[in-house]
1. Kirkwood hydrodynamic radius (Cα pairs, Å) of segment 457-542?
2. Whole number in Å², please: accessible area per residue of segment 97-145, 1.4 Å probe, ligands, DNA and RNA not counted.
3. Can you tell me the 0 to 90 degree angle between the C-alpha axis of helix 297-312 and the longest principal axis of the chain, rounded to 10?
4. Can you count the Lys pairs in the chain whose Cα atoms are under 22 Å apart, with each pair 8 or more apart or on different chains?
5. Apply the Karplus parameterisation 6.51 cos²θ - 1.76 cosθ + 1.60, with θ equal to phi minus 60°, to every residue of segment 528-539 and state each ³J(HN,Hα) to the nearest whole Hz, in sequence, with x for glycine and proline.
6. How much accessible area per residue does segment 410-556 have, in Å², with a 1.4 Å probe?
7. Let's test the formula: R0 of 56 Å, r as the Cβ-Cβ distance of Leu304 and Arg379. What FRET efficiency results, to the nearest 0.05?
8. With contacts defined as alpha carbon pairs under 8 Å and 6 or more residues apart, what's the relative contact order of the chain in percent?
Amino acid sequence: MASLLLVVLAIVSAGSADTAGSRDIQSSCWASGSIAEDVVATARSAQQWSCSDRAVSIEAERVLLLFDIGPDDILPRYFLSRRSALGALHMLAIDSDGAVRSVSMPAGDLSSSMLGGYFEAPLPGVTHETRQVIVAIDLPSHKMTLERAYLAPLGAADASGYMRYLLVLAGLTGMLVMPLIFNAAFYRILREPFVLWHSALTLSLLATILASSGLSVVFFEPRAMTLSWITTLVFGATIASGLMFTHSFIEPGLMHPLLRRLLPYCAVLALLLSTFHAAFPFVMRPIQSSVYTAAFAPILLIFLMAAVDGLRRGSIAARFQAAGYAPMILVGLIRLGTGVVPWLDSADAMLMFYVGCACEVFFTTLGVADRLMTIRRERDRAIDQADVLERLSETDPLTGLLNRRAMEGQFGQLRAEGFDTLAVVDLDHFKLINDTSGHSVGDAVLQAVAKGLQPSSNVRAYRLGGEEFMLLIRGGDAVLQAERRRKSISTIVAHEVPGLQRPVTASMGIAICHGVEDFDAVYDRADKLLYEAKSAGRNRTRSDVRSAAAVEAGAA
């Protein structure tokens, strides 16, 4: 990954160097004036020019830049500078004999340059007699527009090596598309909000690269002021989505609750700041860019505190974020410092921003995958535990048979599978066993009875409680299957629990399920038949199944 970033940085730097070569002409002096004044008159007023102080100011309504053209210079054809909101552009070409050619352009007519983040304007006719070019910028909103201004003989599209620069950026945008594909797959598996916020962050980074590079000019040819407006809005969206990604990505309990609550408010503030700055760029024009940049300082501070707190608490997600966001945070600090400190030239650190995009894509996508795998394992473990608890809640711990709760939950499904005969089995005189032999012997008897009931593919056995059991049976010989199990109880108990003073017998009531009859109705009929068997002398079966008459006669 480090090698990839170095290659990206080297190639992008080489491409940028090709577009800003030694043939470019930098300004030598600057002046200021009012937009009510005539541009030519202001330009010819020598006392207004400052050639020793290179710290340009945007406090005046109009700022003029002077470019000297030497006899050995290649004639420039374009004026280029960094995009930011401005009112209008006036360009003068002054020949050695004093002849002046001029052109004025409103901000809305300025074209975007393929050199990322710049606008490009064709100069008025520059000839071999031209000695000076003066560019007047009305209502500049950012010092960078003045500091990065230059004249060039070629536009960015004509500069050698620029295609290589665009190809690298196109490859970087391709890298940003891959996490979107992964996130779509991840979200289908686990619908976690941080996956959506990571997609929003990736999309905003993708939009930032398109808006701040020449790729947008290649595909859409937007006007410079439109791109400036879009870049400002997208910047706020990037900050907001990054904050919300952090809010939802760092594991619960591994960030201070106050910091987690503050992150959404910071996200909303970032969107509001960017929207206001894009919509009203001239409200506080001389200081607005600095105030706008400084307003992000508390947002950046809260984000750093949240990330550090997550790291301190052992958050794995915070570690991935720290690795991915480090270049972006450095870009933010550079922009903040150079945008606020008056004596520093403004810097946007775009090369480091592109490297930061690659880092963010690589590390946070790894973090998302790791977090999703962790969540998946935790959910699978929770489901397994829930299944175990569910089975325990439906299983009688003494006999291992299912209990009444399980029976009621399974009844509908078992009826659909053909289990239509319900038998209730109750041990005769079981209380006497407990009273004479003790509860441990009574428990052993119940365990032996459970073995005798022999669950199978056509028979389901349950313990309802105490000495009462239940069978749910399917097949044409359901009554015979139930009766065989009832009769086997005496033999199995005698074998499993020797030393009892008397044989253990059982009585049974059998009811057939009719139509959509529910469990309670069938159980009530079987229970009444059981008590009929008890009243008739115990150790017998009573059934509402007609074919059971012979069985009952034999049992009696």
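The values are calculated or read from the model by the stated rules, or taken from the named source; none is laboratory data. Keep in mind it's a predicted model, so treat the numbers as computed, not measured. Every residue, glycine among them, receives a Cβ derived from its backbone with ideal geometry; neighbour counts consider all protein chains shown. Each accessible area value is taken on the protein alone, full model and side chains, heavy atoms only, with ligands, DNA and RNA left out. Shrake-Rupley method; radii C 1.70, N 1.55, O 1.52, S 1.80 Å.
1. Evaluated over segment 457-542, this radius sits at 14.0 Å.
2. Heavy-atom SASA per residue in segment 97-145 reads 37 Å².
3. Taking the Cα atoms of the chain, the angle to 297-312 is about 40 degrees.
4. 7
5. 5, 5, 4, 5, 5, 5, 5, 5, 7, x, 6, 6
6. Values: 6870 Å² over 147 residues.
In whole numbers, segment 410-556 has 47 Å² accessible per residue.
7. So the FRET efficiency works out to roughly 0.95.
8. 10 percent
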